[in-house]
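The values are calculated or read from the model by the stated rules, or taken from the named source; none is laboratory data. All values reported here derive from a predicted model rather than from experimental measurement. Cβ coordinates were reconstructed from backbone atoms using ideal geometry, including for glycine residues, and neighbour counts include every protein chain displayed.
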Ligand SMILES: [Zn+2]
C-alpha cells in the first residue's frame, strides 16, 4: 500500500524523517519496500486569473493578470488552452524550482512574463491522471498560498507491505494507530458522525434484502444533490500520491474513504435501481454482468452479487456494474458500505481472475464495524461537496463486541522469555485499542477492539505486547535440549554418500524434479516441459552432460515418483557417473565401464562396509551389453552401465555416458569390518591362462578357483582377457593370478604344484577350459 | 717378466684410453668387462704368469695386482665423474613454477548441501536431530494440521503444484513438524532440510523448486528468546561472528507470535552501500539486511492438533530458504545458478 506520510501526520505526530518512520513500521511488522521521495519544488503559489486577453502579437498566446493575494499581480503569458478568467490555478513565480526547471523572467513575443501557470505534471504528478493543461484548483483556496504546503506535495510516500491477517491496517488510520501505539503518542482521530438526517428523500430510498449468509452487514444511505465533477485538488493530489487515479468527485470520495478507513464503498446511481430494493444474493448460473471495466462476465452461483429486482448491479466486494455506474447524468446515489465473507470474495475474485483494491481488503475479512465508519466518512466528505444526505440504514447482523480473552501475565513471560509487568502489558494493549481489565492480580481480561478480528487467543495478545514492546528487547538465550530419541539416520546416510562421491571425484548437481515425461502428472504445471514428476534422475543428468561441452563426473540424490496401484510411490535415488571420450578398444572391452564399476564398488564398500556383486542385466535406456545389476548381500541395490547410444544420440550427448543408479533405501546399515591378520609365512603365486567360452564370466572363474583351493588360496584375480582369431570363434582367453599361502607354514613347491594341478582340473571340468600355461 | 710388464703396460694404456672415451655408465661397464671382467684382457695377462719361472711368479702377481688396483681406481674415478656430470646436468634444469598446474578431477558437494550440512552440524551440536520426509505430501500435513484450513487466505501464499485433490508437492518443509510431533512426544528438537516447490515464476530471485531448512523445538519452558539465541548462533556459524540478526513481527498461521528473520548483509556488512556501486548494495537492495525466512512460537492450534497441551508445552519453529542463504553466503548474482549447477559455478564454490 502506498502511504503518503503527510496523510499519516494528519492523525499522529511523527518524527520528521521518513526513513525513521519506515524503520518503526518494519519493527511493528509492516516492512516498507520502498520510500519514494518527492522532488524539490519551491516558489509555486496559488493565484486567480483576474483577466485574460489575447496576446497582442501572437495568436496562440494569451496574457493573464493573475491575482496572487496581498494586492500582488503577475502578468503571465501562456500557451495553455484550458485557462479562463476567474480560474484558481497554481503559479510558479520567478525563481521557482520545478523538477528540471527554474523559472526566470522572460519576454514572450514582446510581453514580459512574470511566471508560469503550471500543470499537474510539472508538480511531478502523473500527467495523464489530471486535466490537460493548467491544473485547476478550487476557488476556496487562499491566494498566494504555497502549493507544496497546501497539498503536501513534499511528502515521502511509503510502500508498506501489510500481512494478510491485518486488513485493518490496510488504511491510513490503521497504520497511524500502530505508529501512535508504538511511539506512545495519541491518535488524533476526529469523531466521525454520519451527517445524514432523517427526512423523506425526493426519490426512493431502497430497502436492502440480504439473502446470502456471506453478507454480514450492509449500510445503505441515499445521497442527493450530487453533480459529477472533478474532486477538489487536495483530494486528487492525495489519491494520486497514493497511487489511485482520480476519476470524478464521487468515485474519488469512495476511494479516499477506502484508503483512509479501510472500508471499501460502492455508489449506485439511484435511478438504476429497479424495484426499489437491493438484494445481496448468489449469482444465477450463467447470469451475466457488464462490470465497470467494460467486460461482460458470466457468473456461476459461486459469485455473490448485489442486484435489484431484475439484474445484478455489482459483484459484491469486487467491482461495480456498468448499468448503475455514476456518470455525468447522476444526481442521486445510493451508498453501500458492506461487509462480506472474505473467503467468498476471494473465491469469486480467483474464479473471475479479477482483483481490485476493494477485493484485496474484503477477501481478508474486514470488521463489520468498519461499515458504519466508512459510510459516515463518505457522507461527511459528500456533504462538504454540497450533497444532501439522508439517514443511513444498516441491514444484516449487529456489530457485536468480541469476547474478552483471558491473558495470564505469566504466559507472556513463558512464551517470550522476557518479564513484563501487568501494567506494561496493559499499557501496550490499551494503546492498540483493547479494553483491558485486571480480573485477578496476574490475569487480565482483554477485549480486542472492533476492528481487530485477528485477535482471538492469548498468544495473539502476547504477539501484540511483543510488537509494541519491541522484538529487539527479547533477550537471546541458547536452549539446553534434553536428550531424545529422534533419529538422524536417513540424513546421515545421504550425507555420507555425498561425501564419499566427493572423494571419488564426482561433483554434485541438482536438476529439475518436474519434467516433460513421467508417470505422475501435475494438475497445474507451469508448462508442458514441467508437467510430470520425474521417475528417474537419469534424464536430468543426461541433459546436464549434454549441455556441458567438457566431460564431467557428476552425481545427484533426489526423490523420484511412480504411480502404482497402491497410489503414489516416492523413492530416494542416487545417480552418479560421467561422460568421457571414447577409448580405442575392442568391442568386448570397455574400460570406462570398469572405472564406473570400480567407483560403485568403492562407494558401496565405504557406505555399507560390504562388497558389491555385479552381473549382466538389461535396463531401459542402458546399453544392452554393457549393463550390470548391482547387489549387496544378494539384495538388488541398483544398476550401472553405459547409456544406450541411441538414447545418447537423441539427447545430443557428444560422448559416451556411463551412469550408476542406486536405491538409497536398499542400502543396509554400515557393517564394521573386522581385521584379518595376514599370514606371517611368504606367499607364492602362479598365473594361469585358460581359454573358455565367451559367456563364462570372469567372476565365476575367480569363484571357481577359490572354491577349488579352499583356504590355501588367498587371492584369485582375472587380470587379462583376449579374444581373436587365434583363440577361435566363441572363445576367449583369460589370465588369472592365483596367490597361494599357508597360515601355519611356508608353502612348499610341491604343495603349490599339487594345488595348481587340482585347480586346472577344476577349471577344465567346470568351464571346459583349455589350459595354456 | 719384462715382456709381461710391457704387455700389462700396453693393456693399461689401452684401458685408460677406453675409459676416457666412455661417456656414459654403460660404455664404462663395457670397458670394465673387456679389461677387468672374468674373460678380460687382464685375465689373459694373468694367465701368462704360469709361463714364468716359480721365483718370478710372486713378483709378477704383485705387479699385476697393483696394475689392476690402479685400473679399478681409474674406473671408479671415471664413474664418479660421470655421476657428478649427470647431477650437474640434472641440477642445471630449471622450470617456471608459476606454470598452470595439472589437476586430477576432484569432487564437490553442491553449495545447497554445504549450507544444509553446516546448518545441521550447528543444530546437531546443540542436541537437535535431522529428519527428512516426502516431497509429495497430503494437504493435511501441508495446511490443515498447520492451522491453515481450506478457506484460509494464507493458502494463497502457497501457490502449489497439485497432484490430486488432496496431494501436492510440499510448498514448505513444515509438514515435517507435524509428522515428527505425531510420531514422538516432547522434547522435540529437530531440523528438517528438504526440497520444496511453489508455482513461482522463475527469475533472478525466485525458483519454483528450491530447498528449505526447517527447525522445531518443543518442550516445557521453550520461549522466543531461545529462538533468537539459536538463530543468531546459526547466522554466526554460517556468516561469521560479526553477524547480527533481526526479528520483525510478521504473520504465519502456524506460529504466534511470528517473526521474519533478517541477518546482516555479508556483502556490504550491513551498510547497504558498496564502493563499487553508486546505487547501493545489490545483494540486499541497500537495506543492509538479508531476509532469511519466517519463524515464531508454534501456534496453540498446531500443538493441539498433535495432541500436545499448549498450556504445558511451548515451542518455536522456523523455515529458511537455502538458496536465498546461498545467494548471500556466496555472493551469487542469480538464484538460477543453483539449479543450473554449471561446472564453473560448482568449481568456484567448492
Ligand atoms: Zn548489502
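Candidates are the residues of segment B:126-150 that are in contact with a helix residue (DSSP H, G or I) (Cβ under 9 Å, 6 or more places away or on another chain) and over 15 Å from residue B:179 (Cα atoms); the one that is farthest from the other protein chains (Cβ to nearest Cβ) is B:148.
Test residue A:593 against the stated conditions and say whether it is more than 20 Å from residue B:110 (Cα to Cα) and modelled with pLDDT of 95 or more. Lay out the reasoning, then the answer.
Details: more than 20 Å from residue B:110 (Cα to Cα): yes; modelled with pLDDT of 95 or more: yes.
Against the criterion (more than 20 Å from residue B:110 (Cα to Cα) and modelled with pLDDT of 95 or more), residue A:593 qualifies.
On inspection, residue B:184 does not qualify as more than 7 Å from chain A (Cβ to nearest Cβ) and either more than 24 Å from residue B:316 (Cα to Cα) or out of contact with any helix residue (DSSP H, G or I) (no Cβ under 7 Å at 6 or more places or on another chain) (or both).
Yes/no matrix, rows are residues, columns are (1) touching a residue at least 12 places away in the same chain (Cβ under 8 Å); (2) in contact with a strand residue (DSSP E or B) (Cβ under 8 Å, 6 or more places away or on another chain); (3) crowded, with 24+ Cβ neighbours inside 10 Å:
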| position | (1), (2), (3) |
| --- | --- |
| A:245 | yes, no, no |
| A:263 | yes, yes, yes |
| A:296 | no, yes, no |
| A:316 | yes, yes, yes |
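Looking at residue B:325 and the list (1) at pLDDT 95 or above; (2) crowded, with 22+ Cβ neighbours inside 10 Å, which single condition is not satisfied? Unmet condition: (1). For segment A:520-578, residues that are part of a loop (DSSP other than H, G, I, E, B), free of Cβ contacts under 8 Å to residues at least 40 places away in the same chain, more than 28 Å from the chain's Cα centre (by Cα) and at the interface with another protein chain (Cβ under 9 Å from one of its Cβ atoms) total 2.
Looking at segment A:166-266, the helices (runs of 4 or more DSSP H) lying wholly inside it that each contain 1 or more residues that are over 32 Å from the mean Cα position of the chain (by Cα) and closer than 21 Å to residue A:361 by Cβ sit at A:233-241, A:249-261. Considering segment B:78-120, and only residues there that are in a helix (DSSP H, G or I), free of Cβ contacts under 8 Å to residues at least 40 places away in the same chain and at the interface with chain A (Cβ under 7 Å from one of its Cβ atoms), the residue that is surrounded by the fewest Cβ atoms within 10 Å (Cβ to Cβ) turns out to be B:117. Of all the residues in segment B:1-60, those that are surrounded by 12 or more Cβ atoms within 10 Å (Cβ to Cβ) and not in a helix (DSSP H, G or I) number 5. For residue A:311, the stated conditions hold: it is surrounded by fewer than 20 Cβ atoms within 10 Å (Cβ to Cβ) and more than 30 Å from residue A:187 (Cβ to Cβ).
Tell me which residues, restricted to segment A:473-510, are closer than 30 Å to residue A:179 by Cα and facing another protein chain (nearest Cβ under 7 Å). Break it down into steps so the answer makes sense when it comes.
As a first pass, look at segment A:473-510 and keep what is closer than 30 Å to residue A:179 by Cα: A:473-477.
A:474, A:475, A:476, A:477, listed by residue number.
Considering only residues in segment A:437-456 that are within 28 Å of the chain's Cα centre (by Cα) and either buried (at least 20 other Cβ atoms within 10 Å of the Cβ) or within 7 Å of chain B (Cβ to nearest Cβ) (or both), the one that is farthest from residue A:405 (Cα to Cα) turns out to be A:451.
Kindly indicate whether residue A:709 is at pLDDT 95 or above and surrounded by 15 or more Cβ atoms within 10 Å (Cβ to Cβ). Spell out the reasoning first.
Details: at pLDDT 95 or above: no; surrounded by 15 or more Cβ atoms within 10 Å (Cβ to Cβ): yes.
No: the conditions fail for residue A:709.
Restricting to strands (runs of 3 or more DSSP E) lying wholly in segment B:231-308: which have 1 or more residues that are within 11 Å of the ligand (Cβ to nearest atom) and either more than 12 Å from every other protein chain (Cβ to nearest Cβ) or under 25 Å from residue A:479 (Cα atoms) (or both)? Please lay out each step first, then the result.
Values: elements: B:245-252, B:255-264, B:289-298.
Passing ranges, in order: B:255-264, B:289-298.
Tell me yes or no: at least one residue of segment B:155-163 is touching a residue at least 60 places away in the same chain (Cβ under 8 Å), buried (at least 17 other Cβ atoms within 10 Å of the Cβ) and more than 7 Å from chain A (Cβ to nearest Cβ). Walk me through how you get there before you give the answer.
Pass one, segment B:155-163, residues touching a residue at least 60 places away in the same chain (Cβ under 8 Å): none.
No, every residue in segment B:155-163 fails to be touching a residue at least 60 places away in the same chain (Cβ under 8 Å), buried (at least 17 other Cβ atoms within 10 Å of the Cβ) and more than 7 Å from chain A (Cβ to nearest Cβ).
Residues that are in contact with a strand residue (DSSP E or B) (Cβ under 8 Å, 6 or more places away or on another chain) and part of a loop (DSSP other than H, G, I, E, B) within segment A:579-610 comprise A:580, A:588, A:589, A:590, A:610, listed in sequence order. Which pairs turn up if I take residues in segment A:722-734 that are in the same structural domain as residue A:689 (by TED's automatic domain parsing) and look for partners that are in a loop (DSSP other than H, G, I, E, B) and buried (at least 16 other Cβ atoms within 10 Å of the Cβ) with beta carbon separation below 9 Å, at least 6 apart in sequence or on another chain? Within 9 Å, the pairs are A:731/A:723; A:732/A:696; A:732/A:723; A:733/A:723; A:733/A:727; A:734/A:696; A:734/A:769. The residues listed here are A:237, A:251, A:219; of these, the one that is in contact with a strand residue (DSSP E or B) (Cβ under 7 Å, 6 or more places away or on another chain) and not assigned by TED's automatic domain parsing to the domain that holds residue A:146 is A:219. Residue A:333 satisfies every condition listed in (1) part of a strand (DSSP E or B); (2) outside the structural domain of residue A:259 (by TED's automatic domain parsing) except (2).
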